[in-house]
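The values are calculated or read from the model by the stated rules, or taken from the named source; none is laboratory data. Predicted, not measured: the structure shown is a model, and the values here were computed from it. Ideal geometry is used to build each Cβ from the backbone, glycine not excepted, and the neighbour counts take in all protein chains shown.
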Amino acid sequence: MNDTPAERAETRHPDAKLRAYKRMKLFATALLAAMAGVYAISRILEPRFPALGFARATAEAAMVGAIADWFAVTALFRHPLRLPLPHTAIIARNKDRIGENLATFVETNFLAPELIAGKLERIDFTTQFAHWLAAPERGRQIAQWTLDFLPSLLAAIDDEDVRRFIHDNVAQRVRDVDTPLIVGTIADTLLEDDRHQAVVTELLEQLTHLFEEHKPLVRQRVRESTAWIWKKLSIDERVSDNLIAVVDDTLKELAENPEHAWRRGFDEAIRQFLVELRTSPEYLAKWEALKDRFIEHPALREYLASIWRDIKASIERDAAAPHSYIRARIEEAIAGIAKGLLVDDAMRERLNAWLRETMLAAIAAQRHAIARLISETVHHWDADTVTQKIELEVGRDLQFVRINGTVIGGIVGLVLHTLDVLVF
C-alpha cells in the first residue's frame with residue numbers, strides 16, 4: 001500500500017509518526033479480532049448453515065496468518081508475550097552490530113568520494129546562490145540584519161582596546177618610516193640639476209617683498225637701538241637707511257644671481273647636511289627621539305582616540321537613520337555581487353570548482369568520523385531507545401505485514417476449503 005502525499009507529510013513529525021503507528025497497529029489488531037469474531041460465529045452456526053464453512057475456514061486461516069505475522073513483527077522489537085524465546089527481540093539484542101553495519105553502509109554507499117563528486121558535479125551552487133542573492137528583498141534583508149547587528153557589535157567592542165590598537169599600529173608605522181632616507185631622497189631630487197634654485201629664488205623674492213613691506217618697522221627699530229650720541233648728531237636716520245639699503249641690495253642680488261657665492265655656499269651646506277643626515281649616528285638618534293616624542297605625545301593619543309569615537313558615533317547615527325548610507329551601500333554591493341555572478345560564467349565556474357573541491361575534501365576527510373559517530377551514537381543508546389526509534393520509523397509499515405498476513409491467510413483458507421468441498 002502506497003502512502004498518499006498527505007500521509008507522507010503527516011508522518012514527518014515525531015508526534016504524527018507515533019499517532020500514525022498507533023492507528024495502524026490498532027487497525028491490524030482490530031482486523032484480527034474481527035476474524036476471531038467471524039470464526040466464532042461461523043463455528044457456532046455452521047451445523048445449521050453449512051455454507052458458513054467457507055466463512056469459518058477463511059477466518060480461521062486469516063487468524064493463523066495474522067498471529068504468525070504479529071509474532072514475526074513483534075519478535076523484531078521485543079519478546080512476544082514477554083516470553084524470552086530464542087531469536088526474538090532481535091533489534092534490542094543486536095543494536096551494537098546494527099549501529100556498526102549502519103555506519104559502514106552509510107560510509108560506503110553515501111559518503112564514497114566518487115559518489116559525492118558525481119552528485120556535486122550536477123549542482124550549480126553559484127548560480128543558485130546568485131539568483132537567491134539577486135532577489136530585491138534579499139539585499140534589504142541582509143542590510144537590515146547588518147544594521148540590527150551593528151549596535152550590538154559596537155557595544156561589545158572594548159573602546160580602550162581599539163584605541164590601543166590604533167595607537168600601536170600608528171606608532172609602528174611611524175617607527176618603520178626611514179625619515180632620513182625620505183628627506184634625503186626628496187632633497188636629492190631637488191638638488192639634481194639645480195632644481196632647488198627655483199625654490200630658493202622664490203623664497204628670496206618672497207623675503208624681499210616681506211622686507212619691503214616692513215621697512216618702516218625696521219627703520220624704527222634701528223633708530224631705537226642706535227647709540228644716544230648718534231641721535232644727538234642726527235645721523236641715526238642715515239644709519240638705518242644705509243642698513244636697509246644694504247639688506248635690500250643683498251636680497252635682490254641673491255635672488256637674481258643663482259651663481260652668487262652665498263648661494264653656492266648654501267648648496268654645499270645642504271649637501272653636507274644630507275650626508276650627515278644619512279650617516280651620522282647623532283642625527284639618527286635625534287630622529288628616533290623625535291619620533292618617540294611624537295608617538296607618545298598626549299595630543300596624538302587624544303587625536304587617535306577621537307578618531308574611533310567619531311567613527312563609532314557616525315556608524316551608530318547612520319544605522320539608526322531612516323535613510324541609512326550604510327544600508328544603501330550594502331544593498332548596492334549585494335545587487336552588484338549577484339549581477340556580477342550571473343553574467344560572469346568564468347567566475348561562476350571557478351567558484352563552483354572551488355566549492356566542490358572544498359566540500360569533497362571536507363567530506364572525504366570526515367567520512368570515517370561521520371560513520372564512527374553513527375556507530376558510537378547507537379552504541380550509547382540503550383536497547384529500549386533503539387527499539388523505540390526504529391519501531392517509530394518502520395513500525396507503521398510493519399503493521400501492514402500483519403494486515404496482509406490476515407488478508408492473504410484468509411484467501412488461502414478460503415481457497416483450500418473450496419478445493420476440499422469440490423474434491424472431497
Got a sec? Which of I311, I403, I374, I337 is more than 30 Å from D159 (Cβ to Cβ), modelled with pLDDT under 90 and among the β-branched types (V, I, T)?
I374
How many of the residues in the range 329-346 are in a helix (DSSP H, G or I), surrounded by 13 or more Cβ atoms within 10 Å (Cβ to Cβ) and out of contact with any Phe, Trp or Tyr (no Cβ under 9 Å at 6 or more places or on another chain)?
8
Could you pull out the residue among E107, E60, E160 that is touching a Lys or Arg at 6+ places or on another chain (Cβ under 8 Å) and in a helix (DSSP H, G or I)?
E107
Inspect the range 71-87 for any residue being in contact with a Gly (Cβ under 7 Å, 6 or more places away or on another chain) and surrounded by 12 or more Cβ atoms within 10 Å (Cβ to Cβ) and give the result as yes or no.
no
Selection from the range 22-38 of residues of a type in the set (K, R) and loosely packed, with under 14 Cβ neighbours inside 10 Å yields K22, R23
State whether the residues of the range 398-414 include one that is in a helix (DSSP H, G or I), free of Cβ contacts under 8 Å to residues at least 12 places away in the same chain, surrounded by 12 or more Cβ atoms within 10 Å (Cβ to Cβ) and not hydroxyl-bearing (S, T, Y).
no
Considering only residues that are in contact (Cβ under 8 Å) with a residue 12 or more places away in the chain and among the basic types (K, R), look in the range 114-166 and name the one that is nearest to R317 (Cα to Cα).
R140
Taking L392 and the conditions (1) surrounded by fewer than 14 Cβ atoms within 10 Å (Cβ to Cβ); (2) in contact with a Pro (Cβ under 9 Å, 6 or more places away or on another chain), which numbered condition does it fall short on, given that it satisfies the others?
(1)
The condition from (1) part of a loop (DSSP other than H, G, I, E, B); (2) of a type outside the set (V, I, T); (3) at pLDDT 90 or above; (4) under 12 Å from D397 (Cα atoms) that R48 misses is numbered (4)
Just name the residue that is farthest from I330 (Cα to Cα) out of those in the range 122-144 that are among the charged types (D, E, K, R) and surrounded by fewer than 16 Cβ atoms within 10 Å (Cβ to Cβ).
R122
